[in-house]
Structure formats: C-alpha cells, structure tokens
Amino acid sequence: MAEPSTRPAVVDDAFVTAAHGILAGLVADGAALGWVEPPDVDEVAELLGHVAAAVADGDGALRAAYDGGRLVGLGYWLRYARPTHRPHADLEKLAVAADVHGRGVGRALTAALIEDARRAGIEVLTLDARGDNDGALHLYRSLGFQVYGRLPRFVAVGNRRYDKVLLMLDLRAAPR
Ligand SMILES: CC(C)(COP(=O)(O)OP(=O)(O)OC[C@H]1O[C@@H](n2cnc3c(N)ncnc32)[C@H](O)[C@@H]1OP(=O)(O)O)[C@@H](O)C(=O)NCCC(=O)NCCS
C-alpha cells in the first residue's frame, strides 16, 4: 500500500457496510472496541449516524483511511455532552482492518484526528484503552498522549476482567 490516505468520512450506505465489516471482523477476533460480540450492521449505522450528526454540528470528527478505493480504517472523536466538559472531546473508536495492521494506517488516522481536534479548538482530547492493548497504547503514547489513570479490572469480557487505561492529550500545552 502507498502512503495511507485519510480523509473526512462521508457516512453513506457503502461506508456503513464497509465500516461494519471492519468493526465486526476485529471484534470477532477479540479486539477491544467496546463490544463483546460483533455489532450488527444496524447498530453500526446508528452509531455512525450519531457521529455524522455531531460532525455536522461541529462537535466531532470522523476520519476514514482508504487503500485505493477500499475502506481500511476509521476513527472519530466526539465533543463531551456535559456542559462543563464542552471544551473537550473523547476519541472513541479507532479501527484498522486486520490485514493492513502495522502499515501506518492507525498512526495516520490518529494524527489526522488530533489535527482535526486542534483546528476545532478542542482543549483536551481523551481516550481509553484496554490494559492489554499494547499496540494501541504504544501508538497513543508515541503521539503525545499521557496516561492519567487506570481502573483496575474494569473492562468485562465474559468472566475476564481487564484494566481500563485512561489517556489524555492536552492540546493547550502540546507543541504545534
Ligand atoms: C490499534 C490499531 C488501530 C493500530 O493500527 P495500525 O494501522 O496497525 O497501526 P500502525 O501501523 O499505524 O502502527 C502504529 C504503532 O503501533 C505499533 N503497534 C501496532 N500494533 C502493535 C502491537 N500489537 N504491539 C506493539 N506495537 C504495535 C506499531 O509498531 C506502530 O509503532 P511504530 O510506528 O513505532 O512502529 C489496530 O491494531 C487495530 O485496529 N486494532 C484493533 C482495534 C483497537 O484495538 N483499536 C484501539 C482501541 S483503543
């Protein structure tokens, strides 16, 4: 694959279908994306519709990565709804198709989403990751995120429990 190209996503039926394929496939393989079972396409459509509405209101950013014409990754952040948290946003899902892992797509998506947040005037970008998600934690830290907390054995997947690691990027302090 050439340099991964990311762009703001347009949420139409084709995008929902392709995004569902990536998300459901990753969750089926045990990825830590907030689902225990792979989501069905209606659930992904509802989620992406919600994100697209927030983007239209200036309260979010949704990025897609393409390899040629094929969707290979997506990620988004949403501004916090709580009135006292409105200057801040949470990066909620970052997902790259398994067959292109390790080729820079996740890094390109996350870097673009950080730039989107900066441009939107977001002050603090937060996210959380499962404690065993070494690849994602390495990626976020390398882009400047700092761990500010950890909820021990908080993430429940059946009988298993994993730490929830809380990270933040303070865009008021980060160098441009
Ligand atoms: C996490 C994820 C988005 C990374 O995407 P990716 O395209 O494979 O990542 P990149 O190729 O851009 O690599 C980014 C960095 O992460 C590192 N990395 C990726 N997977 C890794 C792993 N399993 N272990 C250690 N490091 C890993 C890479 O080495 C790279 O670091 P480097 O540039 O210093 O070498 C992808 O693995 C994924 O979709 N995972 C399943 C869903 C998920 O866990 N999302 C995050 C939820 S918080």
Report summary line: Whole-percent carbon and sulfur contribution to the accessible surface of segment 4-101 (1.4 Å, no ligands, DNA or RNA) stands at 53
Requested in this report: Residues in segment 107-136, backbone N under 19 Å from the label point at ARG153 (7 Å along the Cα-to-beta-carbon vector): list them, ranges by number please.
Outcome: 130-133
Query raised in the report: For the chain, what is the accessible area per residue in Å², given a 1.4 Å probe and the full set of protein chains?
Result: 53
Query raised in the report: Cα extents of segment 5-170 along the three principal axes, largest first, in whole Å?
Result: 39, 39, 29
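The values are calculated or read from the model by the stated rules, or taken from the named source; none is laboratory data. Note that the coordinates shown come from a computational prediction; the quantities given were computed from them, not determined experimentally. Please note: Cβ atoms are built from the backbone with ideal geometry, for glycine as well, and neighbour counts cover all protein chains shown. Ligands, DNA and RNA are excluded from the accessible area calculation, which covers all protein heavy atoms including side chains. Shrake-Rupley method; radii C 1.70, N 1.55, O 1.52, S 1.80 Å.
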